[in-house]
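Presented below is the structure to which this report refers.
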Amino acid sequence: MSASHTPVLVVGAGLAGCVLALELAHHGVASIVVERSSRPPRHPEPNLVTGRGMELLRRLGLADSVRAVGADPDSPATVVWSRAIGEDPVLVNSTPSANELRRRYAGTAGGSAPVEPYVLLTGEGLTTRLRAAVRGNPLIELREGWTFTDLRLEADRTVATVLDGAARVRHEIEAGYLAGCDGAQSTVRRCLGVPLRDAITPARHCTVSFRSDTLRLPHPALSTITADGMALIRRAGHDLWIGHLPLDSDDADLTNPAALLSRRLGPRAYEIVGVTPWQEALGIAGTYRRGTAYLVGESAHRFHPPSATVDTCLADAVDLGWKLAAAVRRWGGPHLLGSYEGERRRQAMLERETLSRSLEVRLRFGRLAAAGASPDRLATLLRRQATAVDPDGATASRHDTSPVVWHDGPEPAGTRLPAVRTAGGHNLFDLLGPQFTLIDLTAGHEGRSLVAAAVARGIPVGHLPVDDAALRADWRSRLVLVRPDHHVAWRSPRKPSDWDAVLDVVTGHRAQDHVST
């Protein structure tokens, strides 16, 4: 059995695995990515990458590539609620098109709006673009057709066993760190013995992709029709439909999906493109870490349909990626990597609550519709609940309880940096460096000495002096330290009394002791 070595081994080249490897490379850290499939999975249903998700991809130079394979940016996304397929809608929720939101964002002051509008694209299109970027990166070695089978945790590393599918040869890979990005049925999670704790009793569903010449529904492109307990998605510019269907005891046999569709949508000719069974469960891993092995994305949380939680997976990968890079480069302390689980598992819990409420609305709507509730009553139910899609995604981006954020100051830290434009016309996000950046609004650029002190300790911090009267008027803080993921790690109206203490906290070398700054 041959052996190889890598700072980080990434298991899985889906969304989370590709973004994690690219994030590591963004910080100059090499990795090996093993992926059992030689081609991206064929997922034809639309995936929503919100504005916040696109901001994270923009950092890596991927926003334009991903947007190029997205849906028509001039088409709004519509959710139609009906008592039954073919009936008049009870309520229609429409999300403005990406281009309409881009125009709105341009006129929004304060920086709360995302830099990028959302994009809708297929899971296959997203993964294909990300995997192409991985293949083209010299710091990433992608081994497609290689299957992870087992691991061994040692004191300071993880040793993984992988199978080269083409040569039928087993290899060992010694990694300083291992990241399990291998999906909801994660082998890494199983090998680590980490339980997945479901919040609800799993319910059986399947997703059927199909074509039908006779299925005609009077709804625009990019529509999701919720009716009869199921959801039908119409792909823009295609004759392809995607149906998320609940299964009961009569639907145990999925070998004839056309018959299943006939029972739900009426007898007609169906051309079946694909069938994927799944369970509607809201599960979160009991822990995201054992030793030097980590769970990321759907390995750490199993939410369905997966297309609804793309941002959560993407942010997991970015968060762990820059913190792993800090550990490999030896400037990050133990609390920094330790904060990955606290920050991201907390976000998964919040996401689960949101999905639970959405599920309850959908189930209650279905029960009332089946019981004969009037359209007015059903519409009132939906209006009282939050049923609309959040295309911005920025509101969930906060780490105000993180142990690696300095919380003593006149303005909150841990929140996303406002995405403002400077007086020179530049977007502030685009001026940030790949690692920490100290935004300096002081008259004499006093932050220069703080940056020099950090660099002397081996901490990568860029200095960004900004001469902007509007920002000075709007921000109480004159010095703002920004993390690689756009979150504010520390801010203050003046130089701190103990800069080393601040650096110790934000780099994870010690827990915050609330030294006054």
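Overview of values
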quantity	calculated
Index of the failed condition, GLY110 passing every other in (1) more than 30 Å from ARG264 (Cβ to Cβ); (2) outside any loop (DSSP other than H, G, I, E, B)	(2)
Filtered residues of region 460-506 (kept if crowded, with 23+ Cβ neighbours inside 10 Å and in a loop (DSSP other than H, G, I, E, B))	ARG483, PRO484, HIS486
Among the candidates ASP182, ASP198, residue that is closer than 25 Å to GLU23 by Cβ and open to solvent by 20 Å² or more (accessible area, probe 1.4 Å)	ASP182
Any hit, region 64-76, residues being outside any helix (DSSP H, G or I), small (Gly, Ala, Ser), more than 18 Å from VAL296 (Cα to Cα) and over 20 Å from the mean Cα position of the chain (by Cα)	yes
Some residue of region 316-323 being open to solvent by 10 Å² or more (accessible area, probe 1.4 Å) and in contact with a Leu (Cβ under 7 Å, 6 or more places away or on another chain)	no
Extreme residue, nearest to SER94 (Cα to Cα), among residues of region 222-237 that are part of a strand (DSSP E or B) and hydrophobic (A, V, I, L, M, F, W, C)	ILE225
Some residue of region 201-210 being over 29 Å from the mean Cα position of the chain (by Cα), closer than 25 Å to VAL80 by Cβ and open to solvent by less than 20 Å² (accessible area, probe 1.4 Å)	no
Condition check for GLU351: open to solvent by 30 Å² or more (accessible area, probe 1.4 Å), out of contact with any Pro (no Cβ under 7 Å at 6 or more places or on another chain) and closer than 19 Å to GLY286 by Cα	yes
Subset of region 86-106 [part of a loop (DSSP other than H, G, I, E, B) and open to solvent by less than 70 Å² (accessible area, probe 1.4 Å)]	GLY86, PRO89, VAL90, PRO96, SER97
Any hit, region 343-366, residues being among the hydrophobic types (A, V, I, L, M, F, W, C), without any contact (Cβ under 8 Å) to a residue 60 or more places away in the chain, under 25 Å from ALA419 (Cα atoms) and part of a helix (DSSP H, G or I)	yes
Region 380-426, subset assigned to a strand (DSSP E or B), basic (Lys, Arg) and modelled with pLDDT of 85 or more, residue least open to solvent (accessible area, probe 1.4 Å)	ARG416
Failed item, numbered, when SER262 is tested on (1) open to solvent by 20 Å² or more (accessible area, probe 1.4 Å); (2) among the polar types (S, T, N, Q); (3) closer than 28 Å to ILE284 by Cβ; (4) not in a loop (DSSP other than H, G, I, E, B)	(3)
Cross-chain or 6+ apart pairs with Cβ under 6 Å, region 113-125 first and over 16 Å from PRO73 (Cα atoms), then assigned to a strand (DSSP E or B)	GLY123/ASN47
The lone exception for ASP72 - which of (1) of a type outside the set (Val, Ile, Thr); (2) surrounded by fewer than 21 Cβ atoms within 10 Å (Cβ to Cβ); (3) touching a Lys or Arg at 6+ places or on another chain (Cβ under 9 Å); (4) closer than 22 Å to VAL310 by Cα it fails	(3)
Lone qualifier among ARG83, ARG39 - being modelled with pLDDT under 95, surrounded by fewer than 18 Cβ atoms within 10 Å (Cβ to Cβ), of a type outside the set (Ser, Thr, Tyr) and more than 19 Å from the chain's Cα centre (by Cα)	ARG39
Residue check for GLU298: without any contact (Cβ under 8 Å) to a residue 24 or more places away in the chain, part of a helix (DSSP H, G or I) and of a type in the set (D, E, K, R)	no
Test for GLU124: is it over 22 Å from ASN47 (Cα atoms) and open to solvent by 30 Å² or more (accessible area, probe 1.4 Å)	no
Output for region 154-175, where each listed residue is surrounded by 15 or more Cβ atoms within 10 Å (Cβ to Cβ) and within 18 Å of ARG190 (Cα to Cα)	THR158, VAL159, ALA160, THR161, VAL162, LEU163
Residues that are part of a loop (DSSP other than H, G, I, E, B), within 33 Å of the chain's Cα centre (by Cα) and closer than 17 Å to SER492 by Cβ, drawn from region 427-459	LEU441
Residue count for region 1-36, restricted to those that are assigned to a loop (DSSP other than H, G, I, E, B), open to solvent by less than 10 Å² (accessible area, probe 1.4 Å) and among the small types (Gly, Ala, Ser)	2
Pairs with Cβ under 7 Å, 6+ apart, first in region 176-188 and small (Gly, Ala, Ser), second crowded, with 24+ Cβ neighbours inside 10 Å and part of a loop (DSSP other than H, G, I, E, B)	ALA179/VAL296; GLY180/SER186; GLY180/VAL296; GLY183/GLY12; GLY183/GLY14
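Yes/no matrix, rows are residues, columns are (1) under 25 Å from GLY297 (Cβ atoms); (2) assigned to a loop (DSSP other than H, G, I, E, B):
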{"residue": "VAL188", "(1), (2)": "yes, no"}
{"residue": "ILE200", "(1), (2)": "yes, yes"}
{"residue": "PHE210", "(1), (2)": "no, no"}
{"residue": "ASP213", "(1), (2)": "no, yes"}
{"residue": "PRO220", "(1), (2)": "no, yes"}
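The values are calculated or read from the model by the stated rules, or taken from the named source; none is laboratory data. Everything numeric here is computed off the predicted structure, so don't read it as measured data. A quick note on method: Cβ atoms are made from the backbone with ideal geometry, for glycine too, and the neighbour counts reach across all protein chains shown. In case anyone asks, the SASA skips ligands and DNA or RNA and just uses the protein heavy atoms, side chains included. Shrake-Rupley method; radii C 1.70, N 1.55, O 1.52, S 1.80 Å.
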